Amino acid sequence: MPTHIIKPVMSAEEAVSYVKTGSSVMVGGFNYGGIPYTLIDALAESKTGDLHLISNDTAYEGVGHGKLVQNGQVRKVTASHVGLNKVTQSLFNEGKLELELVPQGTFVERIRAGGFGLGGILTPTGVGTVHEEGKQVLEVQGKRYILELPLKADVALIRGYRADRYGNLVYFGTNRNFNPAMATAASLVIAEVDAILELGDIDPNDVVTPGILVDILVLKGDSHYASRT
Amino acid sequence: MLPVLDDELVRHRIARRIALEFEDGAVVNLGIGIPTLVSDYIPEGIQVIFQTENGLVGAGPKPEKDDLRFIGAGGRCLSTIPGASLIASDFSFGLIRGGHLDSTVLGALEVDQEGNLANWWVPGKLVPGMGGAMDLVSGAKCVIIATTHCTKKGGAKLMKKCTLPLTGAKVVSMVVTEYAVFRFTGGRMILSELAPGIDLEDIRRATEAEFEVSPDLSEMLGCEKEQ
């Protein structure tokens, strides 16, 4: 998709048509908060499959991106916690879903590494646990760290509060969570927002995600959770 | 024999004791279960800043009207105290790993005498994922464990050696149960407080871990406030 300075505003259906079969897809959100519900509903409707879902969790059964897992659209999940969604856990147990579990702080730092051009990060998290297995452990200044590799994706579906025409984003409440990091780490970034304002209506001091990272804007819909978050 | 205590008494006794551990201005993260009760018992004159790892520094109690745009790590709606700040997950875990979090309070499946903690997965059961627990225990200055002394079936939770997959190796600073308080210093597990009426020999029998007894062993703080 070509780069525009003024960001195209699309319907959720049109926007998610850029998610292709086999894509890796980052989805913002933590528990109920900060999920791009309208985009997810459209993606669930599209039936696009074989996805690698990269998200902190898989929400709940029938909620948000829990629907993608339930529909069988997901081949692999990279997450820190899937305990809220029994379907994810069962599909993994039955060998129908690949699951990569990552400590939450490591998860977001790997995304940051992907988005900010780092070759990896060194973290003390997980040293001496099963998470260390199969990974390179380095000692730096007398302390042991796990080398964690960058995470990137083809598409990021994120949730902002308000955007301007350039795609500059501000966030609201605890909806921010993984969204700003994911906006840096995907080839195509689609942001669902409450409102799209004219240039100058967002104070540059308040911008969290610069518009140069965002490709497509979609207004949130009025589904149960989209309207409440 | 250790007395059988009411479940609610157990939960609140543990929470009340842990709430006495914080200095004024401490930054604290509370896990789910018993740890969430700790905020109800912060003594007068002490202000604690509660951090939730999904991006709030300065979490307040449940608001009158639920707003899903402000939730805690367990998914429950929270208020923001005056002076709170909202941050992204990378910043939040930066605070946790970077030594800016004074204490984290978590539950446990097992703790052993070396201060190893297992609280995220029982192999053979559905795997939930570690969430933020591994980061919290590796980063917080003080790792406080809130747990019943034994499992529901009466088995040991305070072990010689953890049998379950670890959340963190040698990370535990303190364990508070309904019967006793243990502290970990220099690789040693030390019994420092006993609840009223609890016999040391009974505690030894209910504790698989080998521990030392503090020369300053005292009655468990906070129990005097129980109704």
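For this structure, a couple of remarks:
- Looking across the range B:54-81, the residues that are closer than 16 Å to A:V108 by Cβ, facing another protein chain (nearest Cβ under 7 Å) and outside any strand (DSSP E or B) come down to B:N54, B:G55.
- A single entry from A:A59, A:A12 fulfils the requirement of being in contact (Cβ under 8 Å) with a residue 40 or more places away in the chain and open to solvent by less than 60 Å² (accessible area, probe 1.4 Å): A:A12.
- Residue in the range A:47-56 that is surrounded by fewer than 23 Cβ atoms within 10 Å (Cβ to Cβ), among the acidic types (D, E), in contact with a Lys or Arg (Cβ under 7 Å, 6 or more places away or on another chain) and more than 8 Å from every other protein chain (Cβ to nearest Cβ) present: yes
- Residues of the range A:153-181 satisfying the condition of being polar (S, T, N, Q) and part of a helix (DSSP H, G or I): A:T174, A:N175, A:N179
- Test: A:L91 is open to solvent by less than 70 Å² (accessible area, probe 1.4 Å), under 30 Å from A:N175 (Cβ atoms), over 15 Å from the mean Cα position of the chain (by Cα) and within 13 Å of chain B (Cβ to nearest Cβ): yes
- Residue match in the range A:160-172 (condition: of a type in the set (V, I, T), crowded, with 22+ Cβ neighbours inside 10 Å and modelled with pLDDT of 95 or more): no
- Scan of the range A:23-50 for residues that are over 13 Å from A:I190 (Cα atoms) and either touching a Gly at 6+ places or on another chain (Cβ under 8 Å) or aliphatic (A, V, I, L, M) (or both), ordered by number: A:G29, A:F30, A:N31, A:Y32, A:G33, A:G34, A:D41, A:A44, A:G49, A:D50
- Selection within the range B:82-126 - of a type outside the set (G, A, S), away from every other protein chain (no Cβ under 11 Å), assigned to a strand (DSSP E or B) and open to solvent by 40 Å² or more (accessible area, probe 1.4 Å): B:P82
- All positions within the range A:98-113 that are touching a Ser or Thr at 6+ places or on another chain (Cβ under 9 Å) and open to solvent by less than 10 Å² (accessible area, probe 1.4 Å): A:V102, A:P103, A:Q104, A:G105, A:T106, A:F107, A:V108, A:I111
The values are calculated or read from the model by the stated rules, or taken from the named source; none is laboratory data. No experiment lies behind these values; they were computed from the predicted model shown. Don't worry about glycine lacking a Cβ; one is built from the backbone with ideal geometry, like all the others, and counts go over all protein chains shown. We work out accessible area using only protein heavy atoms, side chains counted, and drop any ligands, DNA or RNA first. Shrake-Rupley method; radii C 1.70, N 1.55, O 1.52, S 1.80 Å.
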